[in-house]
Amino acid sequence: MLTIDELRDRYREAWLVARRVPSGLNLGHSSYWPEFNPNRWEVYHSEGVQAKSLPPSGDAVDRMIECMRWLRWLSEDERSLVWLRAAGLPWRDIAKESGLSRMTASRHWRKALMQVILRLNQRGSSVNFRDTR
């Protein structure tokens with residue numbers, strides 16, 4: 001039997017993967033500046049800059065797509081709640097975004113996750129939630 005915590009973690013992972021997937025958009029911008037190799041002083045001065053993260057693995061993308069497919073079982077408002085919570089927003093911000101109270105938003109979120117869990121259990125899905133990383 002799946003739990004809400006497992007599904008919550010799965011959607012959190014899906015949101016994190018979705019942020020790392022390259023968009024593939026080419027805006028047509030080009031640069032005519034020559035490529036250059038930074039010297040050690042330029043590298044030293046850029047130490048505070050964070051490097052871009054690597055693209056996600058194929059398995060992580062497959063799990064993300066699977067989570068996205070489960071969202072089609074929910075209404076648009078429920079999808080929004082699930083995705084906002086997966087993004088790590090606190091209930092106060094989600095309540096402002098959705099126009100609900102914090103407790104009502106939390107109840108609707110739980111109800112939406114329970115709908116997904118029930119649908120997965122009805123299908124006899126063999127989703128392994130514990131081995132997601």
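The values are calculated or read from the model by the stated rules, or taken from the named source; none is laboratory data. This is a predicted model, so every value here is computed, not measured. All Cβ positions, even for glycine, are placed from backbone atoms using ideal geometry, and neighbour counts span all protein chains on display. Remember, those area values only see protein heavy atoms, side chains included, never the ligands or the DNA or RNA. Shrake-Rupley method; radii C 1.70, N 1.55, O 1.52, S 1.80 Å.
Some observations on this one:
- In segment 1-42, the qualifying residues are those that are over 30 Å from residue 84 (Cβ atoms) and of a type in the set (Asp, Glu), and the one that is modelled with the highest pLDDT is 42.
- Flag for residue 80 being open to solvent by 50 Å² or more (accessible area, probe 1.4 Å), modelled with pLDDT under 90 and over 17 Å from residue 120 (Cβ atoms): no
- Residue count for segment 51-63, restricted to those that are open to solvent by less than 60 Å² (accessible area, probe 1.4 Å) and in contact (Cβ under 8 Å) with a residue 12 or more places away in the chain: 4
- Selected residue (criterion: nearest to residue 3 (Cα to Cα)) from residues of segment 83-118 that are polar (S, T, N, Q) and open to solvent by 40 Å² or more (accessible area, probe 1.4 Å): 115
- Restricting attention to segment 116-133 and to residues that are out of contact with any helix residue (DSSP H, G or I) (no Cβ under 9 Å at 6 or more places or on another chain) and part of a helix (DSSP H, G or I), the residue that is modelled with the lowest pLDDT turns out to be 122.
- Of all residues in segment 95-115, those satisfying the criterion of being modelled with pLDDT of 95 or more, in contact with a Leu (Cβ under 8 Å, 6 or more places away or on another chain) and not polar (S, T, N, Q) are 105, 108, 109, 112, 113.
- Of the residues making up segment 64-76, one or more are outside any helix (DSSP H, G or I), open to solvent by 70 Å² or more (accessible area, probe 1.4 Å) and at pLDDT 90 or above.
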